[in-house]
Structure formats: structure tokens, C-alpha cells
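Right, one structure below, let's go through it.
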Amino acid sequence: MTLGIWSPEHLANLVEHAQQVAIEAGDLILGMQKEGNFSVEHKADESPVTSVDFAASDRITELLSQATPDVPILTEEALVPWHVRRRWEHYWLVDPLDGTQEFIHGSGDFAVSIALIRGDRPELGVIYWPAQDALYYAVRGQGAWRIANNRHENISVRRLEQPATGPITIALSRRQPADRILSRMVSGEREIMQIQTGSCALKSCLVAEGSADCFVRVGETGEWDTAAAQVLVEEAGGSLTDEAFRPLRYNHTASPVNPNFLVLGDPRIDWQALLPGGLQSSR
């Protein structure tokens, strides 16, 4: 992989290929969900994983390798030892099925996420929502975009008419108690509204497109859950940070596990006042 791959033209080709890969994987996942012929196991942390996760991971790895054989790939279902990946200067980071619980329950709230990492930050990201045939993507410095309902449009975080006092819409999980998150917010006189969906990636997409103003995640996630979303949200004018309001970094520690994180929209909102101390008190 040469430096030429980071040119706008080459990145445009790569993001187009990643889109095609995500759509093909999404079609595979949808087909297997409709057939209902899949097995479910549990990882060491008790989170579920299905045979569909592995099938999608294998297909994505195959397709990415065909186009970029010299670029390493890390997926949630095919982890690479730290002594190997610590030397990587760039790599694909993939969540083949984000929202496995939603998939198992027959919901359509799951996504395919593909990011290209350079150093410790994502340079491009693609998130595909198969059930809605909605594709989100971003390349650093080139904006954030959505393709859905035969429309290809630039997206951005919502700018509130009253950023200091206006209502806030927070994206929440369908399967986690809302009080766990809402109790950490100092809303004052603000009205707090809720929108629920599955998948970390899809909740981040809601912030990027302006359907929600923030998403707060308490609990363990992997770097594959946030990489594509981070560049998408940042290019849409928002931020994806840790509990101290610092952008997340990738492949800089032996464990590819995220801290608690925040996906924040309108930058004029005083998020540190709304979420004092980030989420440090949640530990």
C-alpha cells in the first residue's frame, strides 16, 4: 500500500468498493435472517454471536482482500493478535453484523460497518442498513453522505434553534433501560426526547443525519462498533468521543475495546455541562 492510496481519487475508489462490499454482505445477512437457518452461541462476555456473523465476516474479508490484497483486515469475528496488528500502519476494521441481538429477535435494526484506519483514526467509513436499503458513508475531508429512497444527499448534524435551552433528542437502545442513560444527564429546563433503535452504528447514523442529537453508550463495545461511525459523525459536523470528550483512537492498545463513549451533534451545545464529567460516574 503506497501513500498514493490516500489521495482523494484513490479514497473515492475505495469507499465505492466498500459500499459494494457492505451491500453484498447486507443482502447475505437479510437472506439468512429470512430463511431462519442460523445458529446462536455466546461469547465469553455472554454477548450473542451467530453463524450469520461469521458468514458475513468471511464474505467481507474475501471481497476486501480481492481489491486491496496488501491491506490487513480486522473484523469482530476474526481477531488478530496484538503482536501482529501493533505494526499495522493502516487496515480495514469491520463489524460484519452490528446489532446481533436485533437480528436474532427478527428486527431490522442491524448494520454492516466497514472503516479504513490510518494510524489511529478512521479515514473512511461505510455503514449499510440492509432492512432500509440505506447507505451512509464518509471520507475524511469530503463530507458525510446518505443514499436512500433513490436520493443521494449530503447529511449533517442538526443545529438547534436554541442550542442553550432547546429540546434534545437522544438515541437509545431498544433493549437497555433508558434510565441508565437519562440519569446521567443534567437537563435543567431542557426537554429530553427519545428515539429508539438497535445497533451502535445506526444510532450514530441518526446523529449524523440530524434525526437525533446525541447517543450515549455505557458498557463494553469494540473498536469495530465506532470506527466507521466516527468519521461519518465528524464529517457531518459532530463528534464521537470518550467520557473525557476526547476523540476515540484505534489500534493503540492490546485490547480493541472502547471506553464508554458519546456521539454528539450540534457543536454549539455545551455537552460538558449537559453530561458533566462525561460518564466517569457510571463506573
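Which of the residues spanning the stretch 129-173 are assigned to a loop (DSSP other than H, G, I, E, B), of a type in the set (Asp, Glu) and modelled with pLDDT of 95 or more? Within the stretch 129-173, Asp133 is the sole residue that qualifies. At least 3 residues being in contact with a helix residue (DSSP H, G or I) (Cβ under 6 Å, 6 or more places away or on another chain) and modelled with pLDDT of 95 or more is the threshold, and among the helices (runs of 4 or more DSSP H) wholly inside the stretch 1-115 those reaching it are 8-35, 51-67. Return only the number of the condition from (1) in contact (Cβ under 8 Å) with a residue 12 or more places away in the chain; (2) within 16 Å of the chain's Cα centre (by Cα) that Arg86 does not satisfy. Going through the list (1) in contact (Cβ under 8 Å) with a residue 12 or more places away in the chain; (2) within 16 Å of the chain's Cα centre (by Cα), Arg86 breaks only (2).
Among the numbered conditions (1) of a type outside the set (Gly, Ala, Ser); (2) more than 18 Å from Glu76 (Cβ to Cβ); (3) buried (at least 22 other Cβ atoms within 10 Å of the Cβ), the only one that Glu243 does not meet is (3). Only a single criterion out of (1) surrounded by 15 or more Cβ atoms within 10 Å (Cβ to Cβ); (2) of a type in the set (A, V, I, L, M, F, W, C); (3) part of a loop (DSSP other than H, G, I, E, B) is not satisfied by Val126, namely (3).
Scanning the stretch 175-191 for residues that are surrounded by 15 or more Cβ atoms within 10 Å (Cβ to Cβ) and either at pLDDT 70 or above or small (Gly, Ala, Ser) (or both) gives Ile181, Met185, Arg190. With respect to the conditions (1) at pLDDT 95 or above; (2) on the phi < 0 side of the Ramachandran plot, Gly210 falls short on a single one, namely (2).
Of the candidates Gly26, Gly99, Gly36, the single residue that is surrounded by 14 or more Cβ atoms within 10 Å (Cβ to Cβ) and on the phi > 0 side of the Ramachandran plot is Gly99.
The values are calculated or read from the model by the stated rules, or taken from the named source; none is laboratory data. Here the structure is a predicted model, which is why all the values come from computation and not from measurement. For neighbour counting, all protein chains shown are included, and Cβ atoms are generated from backbone atoms with ideal geometry for every residue, glycine included.
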